[in-house]
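Here is the structure we will look at.
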Amino acid sequence: MPYITQDKRDRLDPHLDELARRITGEGDLNYCIFKLSCLLIDRIGESYGNYSMCSSAMEHAKLEWYRRRVAPYEDKKIQDNGDI
């Protein structure tokens, strides 16, 4: 999923770090994801495949976010507070 080569990470991460410092809430984050996808489509062109690529990336990022960050957090809370 997000496992790109280290050289690509090194090129992108400084920009993402700066952007993360400027985001102050859910609306800002939503806007940035939407705007980044729009800018990419403006650069590479409109097509079903390109729109699908953006939608797929958003969906897969969401799934990876849940798997790597949310589920472990929920598991810890189960340990802390007991299961339902």
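The values are calculated or read from the model by the stated rules, or taken from the named source; none is laboratory data. Everything quoted here is computed from the prediction, not taken from an experiment. Using ideal geometry, Cβ is built from the backbone for each residue, glycine included, and neighbour counts are taken over all protein chains shown. Each accessible area value is taken on the protein alone, full model and side chains, heavy atoms only, with ligands, DNA and RNA left out. Shrake-Rupley method; radii C 1.70, N 1.55, O 1.52, S 1.80 Å.
Structure notes:
- Table column - 3J(HN,Hα) (Hz), region 20-37, Karplus curve with 6.51, -1.76, 1.60, x for Gly and Pro: 4, 5, 8, 7, 10, x, 4, x, 4, 5, 4, 4, 5, 5, 4, 5, 4, 5
- Compactness index (Cα Rg / 2.2 N^0.38 Å), region 14-84: 1.47
- Full-extension gain in nm, Lys35 to Ser56, via 0.36 nm per residue minus C-alpha separation: 6.0 nm
- 11 Å cut-off, amide nitrogen to a point 7 angstrom out along Arg67 Cα→Cβ, residues in region 1-36: 1-3
- Residue-normalised accessible area of the chain, expressed per residue, 1.4 Å probe, Å²: 89
- Solvent-accessible area, 1.4 Å probe, carbon plus sulfur percent, for the chain: 58
- Applied to region 74-82, the Karplus parametrisation 6.51 cos²θ - 1.76 cosθ + 1.60 on θ = phi - 60° returns per-residue 3J(HN,Hα) values of 5, 4, 5, 5, 4, 4, 5, 10, x Hz, with x for Gly and Pro.
- Taken over the chain, lysine pairs spaced eight or more positions apart, or on distinct chains, with alpha carbons under 22 Å apart number 5.
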